[in-house]
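J.: There's a structure below that I have some questions on.
The values are calculated or read from the model by the stated rules, or taken from the named source; none is laboratory data. Given the structure is predicted, the values throughout are model-derived calculations rather than measurements. Using ideal geometry, Cβ is built from the backbone for each residue, glycine included, and neighbour counts are taken over all protein chains shown. Quick note on the areas: whole protein, heavy atoms, side chains included, nothing else; ligands and nucleic acids left out. Shrake-Rupley method; radii C 1.70, N 1.55, O 1.52, S 1.80 Å.
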Amino acid sequence: MIFKDKEKTFSKTWVVCICAIFCCVLWGSAFPCVKKGYEFFHIDTASVPTLILFAGTRFSLAGVLVIIFGSVTKKKFLLPKAKNWWRVGLVSLFQTALQYTFFYIGLANCTGVKSSVLNGLGVFFTILAACFIFRTEKFNLIKLLGCVLGFGGVVLINLGGDFSFKFTLIGEGFVIFSGLSSAVAAGLVKIFAKHEDTTALCGWQFLCGGILLVIIGLSAGGRINYIDVGAAFMLLYLGFLSACAFTLQGFLLRYNPVSKVAVFKSTNPLFGAVFSAIILGETSQLLSWFTLAALVLVCLGIFVINKFGEKAFKIKKTE
């Protein structure tokens with residue numbers, strides 16, 4: 001079997017490339033599909049508790065899917081080790097509870113195209129967290145240049161046709177906070193995967209985080225009163241994409257440096273913008289020079305960091 005030796009398989013460059021891009025395709029489709037989910041379930045996007053409830057339902061489902069998959073493949077019920085439940089809880093807090101509370105509220109107050117580009121900043125936050133919080137990489141001027149290019153993209157995507165700077169805390173701000181939370185989660189998964197099965201870690205953090213969001217949403221008065229076949233299918237797809245993408249990313253992070261995985265996430269904002277244009281009809285914003293230039297800057301910044309940042313560090317080490 002190809003996955004018999006997971007470390008050998010998931011550390012191959014071509015496997016990393018295919019798996020990481022596949023994850024980005026799934027994540028890119030999430031931006032417009034979440035918005036379509038709001039429509040299918042007749043969700044009032046002004047109701048924060050209902051948004052949180054919807055997010056919790058999606059990730060509880062994702063957790064169940066991962067746990068079922070892991071249980072079937074391992075031929076036993078998938079459970080984390082008793083000593084690792086605190087690790088599951090910590091990852092759950094950042095990767096599911098905080099990240100998607102910010103994401104769902106922010107997406108409801110921001111266009112799909114803009115959200116996809118802003119969310120691309122999560123790559124930079126991941127690099128910065130690896131350098132200054134988790135100390136798994138060293139920061140240098142090349143990486144600083146990449147971050148400047150990325151934030152330049154953020155400035156451009158926020159410039160309207162009248163050159164005004166439009167930014168709201170619960171819109172663009174929350175999408176950025178979502179990226180920050182995602183960066184911390186990626187660092188935690190990289191470290192914790194050494195102590196716990198990756199599938200168990202991903203599945204149970206989704207389920208615990210999802211249930212927490214459901215409880216918060218219901219307690220605050222959130223309600224989902226409408227469902228049909230289309231809505232159920234959309235919810236199933238959203239659960240599947242999360243289960244598949246994050247579990248796959250977990251394996252990639254476990255067996256590769258964070259930067260090696262992050263370089264491929266440069267395609268995330270691109271897929272998000274394209275899918276938003278196709279599904280939501282946001283073609284005018286996609287084809288504006290502001291958005292196109294922002295996409296170029298974000299992707300270029302990520303490429304510079306991951307292509308040259310570590311090489312510069314390695315040269316210093318050999319001197």
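J.: Is it the case that some residue within region 223-237 is of a type in the set (D, E, K, R), more than 21 Å from THR101 (Cα to Cα), out of contact with any strand residue (DSSP E or B) (no Cβ under 7 Å at 6 or more places or on another chain) and surrounded by 18 or more Cβ atoms within 10 Å (Cβ to Cβ)?
T.: Checked against the condition, which is being of a type in the set (D, E, K, R), more than 21 Å from THR101 (Cα to Cα), out of contact with any strand residue (DSSP E or B) (no Cβ under 7 Å at 6 or more places or on another chain) and surrounded by 18 or more Cβ atoms within 10 Å (Cβ to Cβ), region 223-237 yields no hits at all.
J.: Right, another one. Please find, within region 138-154, the residue that is modelled with the highest pLDDT out of those that are out of contact with any Phe, Trp or Tyr (no Cβ under 8 Å at 6 or more places or on another chain) and either buried (at least 20 other Cβ atoms within 10 Å of the Cβ) or closer than 15 Å to PRO269 by Cα (or both).
T.: The extreme case among them is LEU149.
J.: Can I ask one more? Considering only residues that are more than 19 Å from CYS17 (Cα to Cα) and of a type outside the set (Val, Ile, Thr), look in region 244-284 and name the one that is most open to solvent (accessible area, probe 1.4 Å).
T.: Here the residue is SER284.
J.: Right, something else. I'm trying to understand the selection: among the residues of region 117-137, which are buried (at least 24 other Cβ atoms within 10 Å of the Cβ) and over 19 Å from GLN95 (Cβ atoms)?
T.: VAL117, the sole residue that qualifies.
J.: In region 114-143, how many are more than 13 Å from ILE305 (Cα to Cα) and free of Cβ contacts under 8 Å to residues at least 60 places away in the same chain?
T.: Total satisfying the criteria: 5.
J.: Which residue pairs have Cβ atoms under 7 Å apart, sit 6 or more places apart or on different chains, and have a first residue in region 5-27 that is over 12 Å from LYS260 (Cβ atoms) and a second that is open to solvent by 60 Å² or more (accessible area, probe 1.4 Å)?
T.: As it stands, the answer is THR9/ILE2; THR9/PHE3, since those pairs meet every condition given.
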